[in-house]
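Peer 1: Pasting in a structure now, in structure tokens, and then I'll have a few things to ask.
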Amino acid sequence: MSSLLVHELEQQLRQLETQLAESFMQTVELLSTLVAAVERFYEGSHCRFIGYKAAEVARRLGLSEVEVFEIQVAGLLHDIGKIGYPDALLQKFPTEMTAEERHLYERHPELGWHILRKHSGLQTVAEIVLQHHERLDGSGFPRHLRGRQIHIGAAIIAVVDVFHNALYRRRREARYRHAAPTAPVPSPEEQQRYIQVLRHLEEKAGSVYHPAVVRTFIELVEEERRALGQRLLQAVAVNQLREGMVVAENYYTPYGLLVIAQGERLTSAMLPVLVRFAELGEIPHKLLVWV
Ligand SMILES: [Fe+2]
Ligand SMILES: [Fe+2]
């Protein structure tokens with residue numbers, strides 16, 4: 001084969017890879033937009049919080065780039081099986097559900113798995129989603145897996161999920177609600193819930209939750225809280241935003257779609273998207289951020 005032909009083939013292959021990667025990401029984005037429908041009862045975006053924090057824990061645990069990516073996608077999509085659930089159910093904490101509601105609620109990991117496994121590129125993601133309510137001691141669902149039977153990605157998502165539910169679940173719809181932007185220091189009740197959930201995770205580390213995951217996650221959130229306390233709150237023009245700044249308010253489009261939530265750390269991928277949203281008039285031209 002001539003080297004020119006090889007070169008041409010290589011180029012075509014690279015193009016195909018890029019196209020496939022792009023179409024894969026578009027699929028994930030499309031699916032995560034759908035998931036937003038089931039997180040009306042959270043302050044901020046539940047699935048984005050789980051996606052980003054789970055990926056950060058995975059990175060700190062030394063997992064490979066591919067694993068980190070899969071865990072982030074699984075985090076973004078972990079509750080996709082709740083699509084179509086009635087508000088009356090989404091609103092409740094599992095302890096408040098009737099036996100029938102509880103049964104339906106416990107099916108969401110499996111329903112999610114059914115949706116995701118149809119995509120050949122999402123097989124591992126589907127398996128992680130199926131396992132995200134499993135617990136080390138077998139008390140989880142749906143398969144009552146134990147210890148090492150549980151995928152590390154699912155063990156990570158479980159911890160981050162418990163934390164976010166304890167702190168940011170609301171009884172009423174959180175849409176259009178703006179959080180107080182001026183206090184990087186949480187309110188006394190938030191502080192209380194924060195201490196309680198960390199204590200719960202620490203107590204159950206090794207029996208219910210993966211011990212290294214709990215340790216790493218607590219390190220991460222504690223570091224972030226300390227760093228936030230030292231930051232300055234500023235209104236910054238959208239085109240001046242930089243990677244690493246932390247958003248201080250929830251920003252919604254006029255039709256109620258959460259664009260970015262309080263506490264989210266800006267990544268380089270988010271910057272052009274925010275500029276586009278501001279140009280379209282969907283969000284203000286200046287955002288409140290901690291710098
Ligand atoms: Fe879930
Ligand atoms: Fe969740």
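Peer 1: Given the structure, is Arg117 touching a helix residue (DSSP H, G or I) at 6+ places or on another chain (Cβ under 7 Å), under 24 Å from Glu222 (Cα atoms), open to solvent by 20 Å² or more (accessible area, probe 1.4 Å) and assigned by TED's automatic domain parsing to the domain that holds Ala36?
Peer 2: Taking the combined requirement at face value, the residue does not satisfy it.
Peer 1: Of everything in the range 229-280, what is open to solvent by 20 Å² or more (accessible area, probe 1.4 Å) and of a type in the set (S, T, N, Q)? Give them in sequence order.
Peer 2: The answer is Gln230, Gln234, Asn239, Gln240, Gln262, Thr267, Ser268.
Peer 1: So, one more: State all residues of the range 92-133 that are within 14 Å of ligand 1 (Cβ to nearest atom) and more than 20 Å from Glu70 (Cβ to Cβ); if no residue qualifies, say none.
Peer 2: Residues satisfying the conditions are Lys92, Phe93, Pro94, Met97, Arg102, Leu104, Tyr105, Glu106, Arg107.
Peer 1: Being part of a helix (DSSP H, G or I), within 22 Å of the chain's Cα centre (by Cα) and within 24 Å of Leu167 (Cα to Cα): is that true of Val125 here?
Peer 2: no
Peer 1: Hey, does the range 208-215 have a residue that's open to solvent by less than 30 Å² (accessible area, probe 1.4 Å), modelled with pLDDT of 90 or more and in a loop (DSSP other than H, G, I, E, B)? Talk me through it step by step, then tell me what you get.
Peer 2: Of all residues in the range 208-215, those open to solvent by less than 30 Å² (accessible area, probe 1.4 Å) come to 208-209, 212-214.
From the residues that got through so far, the ones that are modelled with pLDDT of 90 or more too are 208-209, 212-214.
Now narrow it down to the ones that are in a loop (DSSP other than H, G, I, E, B): 208.
Yes: the range 208-215 contains one or more residues that are open to solvent by less than 30 Å² (accessible area, probe 1.4 Å), modelled with pLDDT of 90 or more and in a loop (DSSP other than H, G, I, E, B).
Peer 1: Out of all the residues in the range 148-166, is one or more within 18 Å of Lys82 (Cα to Cα), among the aromatic types (Phe, Trp, Tyr) and either touching a strand residue (DSSP E or B) at 6+ places or on another chain (Cβ under 8 Å) or in the same structural domain as Lys82 (by TED's automatic domain parsing) (or both)?
Peer 2: The answer is no; no qualifying residue exists.
Peer 1: Only one of these is modelled with pLDDT of 90 or more and under 19 Å from the mean Cα position of the chain (by Cα): Leu167, Leu198. Name it.
Peer 2: Among Leu167, Leu198, only Leu198 is modelled with pLDDT of 90 or more and under 19 Å from the mean Cα position of the chain (by Cα).
Peer 1: Condition first: more than 16 Å from ligand 2 (Cβ to nearest atom), without any contact (Cβ under 8 Å) to a residue 12 or more places away in the chain, over 16 Å from Phe49 (Cα atoms) and of a type in the set (D, E, K, R). Can you find one or more residues in the range 125-143 that meet it?
Peer 2: no
Peer 1: It is to be established whether one or more residues within the range 104-120 are among the aromatic types (Phe, Trp, Tyr) and more than 14 Å from ligand 2 (Cβ to nearest atom).
Peer 2: Yes, the range 104-120 contains at least one residue that is among the aromatic types (Phe, Trp, Tyr) and more than 14 Å from ligand 2 (Cβ to nearest atom).
Peer 1: Test Leu90 against the criterion of being at pLDDT below 95, assigned by TED's automatic domain parsing to the domain that holds Tyr42 and within 13 Å of ligand 2 (Cβ to nearest atom), and give yes or no.
Peer 2: Here the answer is yes, as Leu90 does meet what is asked.
The values are calculated or read from the model by the stated rules, or taken from the named source; none is laboratory data. As the structure is a prediction and not an experimental result, all values here were calculated from the model. With ideal geometry, Cβ positions are generated from the backbone for all residues, glycine too; neighbour counts draw on all protein chains shown. Note: areas computed on protein heavy atoms with side chains; ligands, DNA, RNA excluded. Shrake-Rupley method; radii C 1.70, N 1.55, O 1.52, S 1.80 Å.
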